[in-house]
Amino acid sequence: MGCGTGSEPDDDLALLSPHLHRVIREAGGYGGGVFLLAPGERVLRLSVVCGIPMDVAGPWSRVGLDVPVPLTRAVNERRLVWQESGRHDRRGPRVSVPLPYSYAVAHAPIRTDGDEECWGVLMVLWPGSHPTQLAPHEREPMEAGCRRLGPLLRDAARRGRPVRLPEEPTILERPRTRMPEPEQALAAADFAERLPEGACALALDGRVAFVTERGAALLGVNGAELLGARLWETVPWLADPSYEDRFRSAVISRQPTSFTAQRTTGSWFRFELNPGDHGVSLRLSPTRAPDEEPPPRQDKRPPAGPTRVGAIYQVMRLAVTLTEAAGVADVVRLVADQLLPAFDAQGLILCVTEGDRLRLVGHRGCPPEIAERLDGTPLTSRTSPTTAAMSEGTPVFYASTEEMRRRFPHIPDASEEVAGPGRAASASWAFLPLVTSGRVAGCCVISYDRPHDFTAEERTLLTSLAGVIGQALERARLFDANQRLARRLQKDLLPRDLPSIPGLDVAARYLAATKGMEIGGDFYDVIELEGGAGATIGDVQGHNVTAAALMGQVRTAVHAAAGTAPSEVLTRTNRLLNDLDPGLFTSCLYIHLDLREGLARLATAGHPPPLLRMPDGRVTEVDVPPGPVLGVDPRADYPAVDIPLPPGAVLLLFTDGLIERPGVHLDDATAALAGHFGRIAEQPERSMDELAETLLRSHQAGGRGDDIALLLLSPYG
């Protein structure tokens, strides 16, 4: 899938939503969603969802294909994957752990008939009462829906109007089977008002859409204050997390539930929750005190901080997703995205120790001047609350800036120096030392723009999370160090300058994968030979330092054998790799250019064939006899082919990173590249370097999941 500029979000929604609604209805589910493959990433992104609130759908908004959960298995195994009711896949905690409710779900790959092209996943949810097996009359609508969606998504992409992936999933409402007339709506409201008990209508996200006067009176809150708000955020005596958990259980399991709660006046009430497609009906009536159930906490105001289930849910999600973070930037993003909303905080600063000083690695939501003030702070500083917390090795919490300044009177007044008129400065702070392997490796600073009393629950959760964050940062720093080493190694092994060969114009480009991806083993080279040149391009399997080092060995072997026939060059290199037995395979294309005769002889070891543009403007894919990748079979043969290469012709050699796109067949991607190559090469005033740069820019949009290397060769007069 690509992010096109031609389609509008409403058009994209109109393409997906009718099919999702139809599948849910025909399969008898209560909700579902459509996931699409993100461009240039091995990631599924939730585009539209129906039947569940956004805070529940959140963990499913981005799921990497390498995470072994039922959702990704549907893509990787190209089959429908069923998850039994009430059972969770222990191999993939990101999705299953935060939802301890009873439900059933099936995921089916969205494909086109006759090929392995996969565009995403169609998901359907059923109540927790669903049998342990998926019935044929439920499976068939899902598979039919995938068969309808696949061609639609494929055709939209081919027309240059691919479905755009939204930043956040679009929440759809189930279509209503009937719409009451105004008189009927009034009659329904009057009916509810006449009931002896109180009544509320709650949306699927818990917001109050309707409440009777009797219901508001029993809750002890003005009815106008309730509308549009959640009960547990508005009614003080319902702030205990167990009550929100009962509501969430009803929404996810789609089964009626009830509970009793005690109002601060001492009276007890019974709540009955009946879920449906458009929300939850709540009945509220006075009841006797339960004999065995101890009353919840009797605070007259809701406790501050993450005592709600939603906050605990976010914290659990952070703990499991941090295990998948790669570099330091990933850790900073995940902590900021999930920890700040979970604790209703505004600012985050992450620092690590480097020698005898603090180094800032990231911040979010706080003035840059405050964050940067910490960068380079000596660890021995006695005037910094950050280093003080680290020297003590225990978290420190300040409910206000004044409280912090009583201990550190020399701290600059942030409100005067940073905030300025109309800008709030941080008023409350939490300093969390990051302890790993028995030592303090850094500090996580959480800030609020208002005074904030840290509850015991908050302190416990933040202290526990500091250990998880510290371990994640330690792994991330090691990962980044390895990446820097690999990139430096690869850069040093690639040719700094290509030789100047009379009669041959050359240009090359190399571009590492999108930031956050691992290093690859792409390589290229041009070798001056008697009466012509040798040219090679290849890709070593793997994404690590070993792959980069092997790339250097392959390049050296090709260089040493250059001057012999292309078949012999690849044969010798293949024998070397089999002798070394590195456990990695390598694709390689080698070309001998005879500039005197205007000929090129090519042989390939499992590498994509080059594109040839002739002087008359025709662009073709060179038909090179296939040979196996290097390092597999020591007795392999590599047949060669001769092609004419007159002055003015241009050969384009490339690695698969230039053409690979999720959901796009390689033949289609190569054809698109050939068309683009032909159009931009028609301009006679365009130099080879400009041509290489244009090819690279136009095919790197939307992110890249692999490195790109390309080499252009053109004989002249």
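Numbers at a glance
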read-out	value
Cα→Cβ-extended label distance, 7 Å offset, between residue 623 and residue 529, nm	2.4
Förster radius 56 Å - calculated FRET efficiency between residue 26 and residue 676, Cβ distance, rounded to 0.05	0.85
Label-point separation in nm, residue 642 to residue 594, each point 7 Å along Cα→Cβ	0.5
Where a label projected 7 Å from the Cα of residue 450 along Cα→Cβ would reach, residues of segment 358-397 with amide N under 20 Å	365-367
Cα gyration tensor shape of segment 566-717, rounded if a/c is under 1.5, else prolate or oblate by comparing a/b with b/c	oblate
Pair residue 666, residue 288: separation of 7 Å Cα→Cβ label points (nm)	7.5
Extension gain (nm, one decimal) between residue 354 and residue 580, 0.36 nm per residue minus Cα-Cα	77.5 nm
Other-chain or far-sequence residues with amide H under 5 Å of residue 48's (modelled H)	34, 170
Accessible surface of segment 128-283 [probe 1.4 Å, protein heavy atoms]: carbon and sulfur percent	50
Cβ-Cβ FRET estimate between residue 14 and residue 191, R0 fixed at 30 Å, reported to 0.05	0.25
Calculated FRET efficiency for the pair residue 140/residue 565, C-beta based, R₀ 41 Å, to 0.05	0.10
Under 5 Å, built H, 5+ apart or other chain: amide partners of residue 207	none
Theoretical gain in end-to-end length, residue 410 to residue 229 [0.36 nm per residue, Cα-Cα removed]	60.8 nm
Karplus 3J(HN,Hα) series, Hz, for segment 344-352 with 6.51 cos²θ - 1.76 cosθ + 1.60 (x for Gly, Pro)	6, 9, 10, x, 9, 9, 10, 10, 10
Note, ³J(HN,Hα) from phi for segment 102-110, Karplus 6.51, -1.76, 1.60, rounded to Hz, x at Gly and Pro	8, 7, 10, 8, 10, 10, 10, x, 8
Probe 1.4 Å, accessible area per residue of segment 178-223, Å²	58
Note, ³J(HN,Hα) from phi for segment 616-623, Karplus 6.51, -1.76, 1.60, rounded to Hz, x at Gly and Pro	7, x, 5, 10, 10, 8, 5, 8
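The values are calculated or read from the model by the stated rules, or taken from the named source; none is laboratory data. Note that the structure is predicted; figures quoted are calculated from it, not measured. All Cβ positions, glycine included, derive from the backbone under ideal geometry; neighbour counts span all protein chains shown. These accessible areas exclude ligands, DNA and RNA; they are computed on the full protein's heavy atoms, side chains included. Shrake-Rupley method; radii C 1.70, N 1.55, O 1.52, S 1.80 Å.
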